[in-house]
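Single-structure report; data block below.
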Amino acid sequence: MSSDGLFHIGPDQKLVAMTVTPYEAEDILQQLLETHPDLLAGGQMTPEAPRRWALVKREQGVPDRDDAGSRWSVDHLFVDQDAVPTLVEVKRSTDTRIRREVVGQMLDYAANGVRYWPVEGLRAAFEATQFGLGGDPTEALAALTENRGITLEEFFASVGDNLRSGRIRMVFVADVIPDELMRITEFLNEQMSPAEVFAVEVKRYRAVGHEGTVIVPSVYGRTAAASTKGTPRRRVDRETGLAASAPATLRAIELLDQLADHLGLLVDHTASGSHLKTPGSSSLATVYLAQWDSLDVPLQPLRERGWVDAAEAAYAAMSASTTKRLTLTTPSMPTEDAVANWDRLQIELVNIANLYLSHE
């Protein structure tokens, strides 16, 4: 054990040196983050707007294609108050993978998570996790967002929007961050946008012969170049996305707008796409801009409400309209196929909309 010049003065006014104490196991550090996400030190990452987090799931599975189960799992998946997914990978300094291999792992998780994580599945994981921690998901969200009146459905729609636009945060956590990882983190955080990359060193201190523990997190990756870009650079511009989108995607957005006008629905136009919703904020469909150029329809919420026939009919219509293999929970098809088969798809979207509207 070694001292970093950290001391404690007790009631007897004696100065006691606190010494660095390694974690006995990686799981201890993981458990600390699960119950105390503030150890990620969000105030050091973005002092102008300190981050707060709530846990979606520990060991969150990551698939590598639409029709697959989980190929990997990230140690922790958090969301911050702006619905930005935060992927956290934890390693002890004694693990040689903390040098370089962990970077490749994280990039695998991020590249596939932004494409294949179903929003409904993340929301269900968040609810199960919060109940498991002894809390209530709605209350946890209210605390995270400082009671802004955002519903779970609205919040996780924003999570999905951020995923599709690549607005995520990757965080490496260890008791000691090696120089190699520090330099890689700083380089990636300067070069990547809208994604962010940080390393957090979480040192544990104890005093020999005394009770109590002191934990000191330090954030690396916030270089001068990255800091001057500021928080606004993290958002993708919608106009840029529209300009880069396929013609079929622009037409699909027009068709969503027309359907919304006909049924009294809403279309929320965001940086990464256009979201068709009911007045009660039930999500019906989303057209995502470039780089995805897709129409996604969340079907799992239908099944969970007992509307299995409607979900199966919509899935059959989408499957018959594209050669792409579709996932059962949130099938995603190219907008070119969606526009070419709009008459068929529109019937199913109207049926789904009417189900939601009749129960709002």
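With distances taken between every two different alpha-carbon atoms, segment 260-327 has a Kirkwood hydrodynamic radius of 13.1 Å.
Simple point charges give the picture: +1 on the Cβ of Lys and Arg, -1 on the Cβ of Asp and Glu, and for segment 52-112 a dipole about the Cα centre of about 320 debye.
Between the C-alpha center of segment 289-311 and that of segment 53-90 there is a gap of 21 Å. Kirkwood analysis of segment 238-358, using all unique Cα-Cα pairs, places the hydrodynamic radius at 14.1 Å. With r as the distance between the Cβ atoms of Thr240 and Asn351 and R0 = 45 Å, compute the FRET efficiency 1/(1 + (r/R0)^6) and round to 0.05. After rounding to 0.05, the efficiency reads 0.80. Take every DSSP beta bridge whose two residues both sit in the chain; close to 80 percent of them are antiparallel.
Here the chain is treated with +1 on each Lys and Arg Cβ and -1 on each Asp and Glu Cβ, and its dipole about the Cα centre works out to around 700 debye. On the basis of the beta-carbon distance and an R0 of 56 Å, Leu6 and Ser281 show a calculated FRET efficiency of 0.70.
Mind pulling the angle between the C-alpha long axis of helix 119-132 and the longest principal axis of the chain? Nearest 10 degrees, somewhere in 0 to 90. On a 0 to 90 degree scale, this one is about 40. Each residue of segment 311-324 was assigned a 3J(HN,Hα) from its phi angle through the Karplus curve 6.51 cos²θ - 1.76 cosθ + 1.60 (θ = phi - 60°); the sequence is 5, 5, 5, 5, 5, 5, 5, 5, 5, 6, 9, 8, 8, 6 Hz, with glycine and proline shown as x. Applying the Kirkwood pairwise sum to the alpha-carbon positions of the chain produces a hydrodynamic radius of 22.1 angstrom. A protection proxy built from the mean count of other Cβ atoms within 10 Å ranks the segments 32-42, 150-160, most packed first, as 150-160, 32-42.
Taking max minus min of the alpha-carbon positions on each principal axis, segment 69-119 gives extents of 35, 27, 14 Å, largest first.
Sorting the segments 118-130, 321-333 by their mean number of nearby beta carbons within 10 angstrom, highest to lowest, gives 118-130, 321-333. This model, with +1 at the C-beta of Lys and Arg and -1 at the C-beta of Asp and Glu, gives segment 238-358 a dipole about its Cα centre of some 220 debye.
Only lysines eight or more places from Lys57 in sequence, or on another chain, were considered; those with a Cα closer than 22 Å are Lys91.
Computed from the coordinates by the stated procedures, all read-outs in this text should not be read as laboratory data. Since the model is a prediction, treat every value here as computed from it, not as a measurement. Reconstructed Cβ throughout: ideal geometry from the backbone, glycine too, with neighbour counts over all protein chains shown.
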